[in-house]
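*Asks:* Got a structure here, written out as structure tokens. Questions coming.
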Amino acid sequence: MKSQTIQIILLSILFLCASTKLQAQSDKKPEREQKTIGVGLQASFPVYGASIMINTQSNISIQGILGAFSTLKMYGGRVLYRFETKKNLQPYVYGLLGAWSYEGYKIGSGWSLEKTTETVFGFGGGGGVEYFFEGLPDLGFNAEVGFGSVKFKDIDYNFSAISFGAGMHYYF
């Protein structure tokens with residue numbers, strides 16, 4: 001319980017620091033035209049899958065992730081705050097909420113292994129950068145580091161860990 005409280009406090013501090021720059025950066029215009037919708041792939045170990053990104057008129061983006069390409073599945077959404085846009089580099093912080101599903105085994109009656117599937121809610125947060133190459137202004141590549149916590153009850157597969165991720169989105 002203490003570690004979850006510390007994690008929530010640290011994430012709150014991270015988002016508070018990000019929000020203090022909102023006013024200073026709201027008047028600046030990006031050097032690269034921002035497209036509204038991006039589709040692609042997003043991976044944050046140990047989950048990866050399809051992603052859609054919706055950019056608002058402000059520095060906020062909303063991302064939906066269907067991480068169904070591994071044994072641990074995640075269906076969730078992220079809210080990203082994008083800092084001042086440099087020419088081709090866009091740093092951001094994010095918060096994540098989602099449902100994780102894992103199919104595994106648990107010890108049943110008579111010490112036998114029983115196959116079971118469990119779905120639980122989890123959360124995470126982190127930061128990263130998205131990069132756009134000069135000749136490909138609508139194709140963004142991102143790299144990020146974050147923290148996630150998911151606690152399964154029936155299956156012995158829990159994690160609260162630092163994760164590394166990467167993604168690619170084409171913006172329309």
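*Asks:* Which length gain, in nm to one decimal place, applies between K35 and F164 when the Cα-Cα distance is subtracted from 0.36 nm times their residue separation? List each step's numbers first, then the result.
*Replies:* Working: separation 129, 0.36 × 129 = 46.44 nm, distance 2.57 nm.
Gain on stretching K35 to F164: 43.9 nm.
*Asks:* Over the Cα atoms, compute the radius of gyration (one decimal) and Dmax (the largest Cα-Cα distance, rounded to a whole number) for the stretch 106-172, in Å.
*Replies:* Cα only, the stretch 106-172: 18.9, 63 Å (Rg, Dmax).
*Asks:* With labels modelled as points extended 7 Å from the Cα through the Cβ direction, what inter-label distance (nm, one decimal) is found for S109 paired with F45?
*Replies:* 4.1
*Asks:* How much length is gained on full extension from Y75 to L139, taking 0.36 nm per residue of separation minus their Cα-Cα distance? Mind dumping the intermediate values first?
*Replies:* Numbers: separation 64, 0.36 × 64 = 23.04 nm, distance 2.37 nm.
Using 0.36 nm per residue and subtracting the Cα-Cα distance, I get 20.7 nm.
*Asks:* Same structure again: With each label point set 7 Å from Cα along the Cα-Cβ vector, what nm distance links E118 and L97?
*Replies:* Between E118 and L97, the simple spin-label model gives 2.2 nm.
*Asks:* Here's a follow-up. For the residue pair N88 and D154, what label-to-label distance in nm results when each label sits 7 Å from Cα along the Cα-to-beta-carbon direction?
*Replies:* 5.0
Laboratory data are not the source of any read-out in this text; all were calculated from the coordinates shown. Keep in mind that this is a model prediction, so the values were computed, not measured. Positions of Cβ are backbone-derived with ideal geometry, glycine not excepted, and every protein chain shown enters the neighbour counts.
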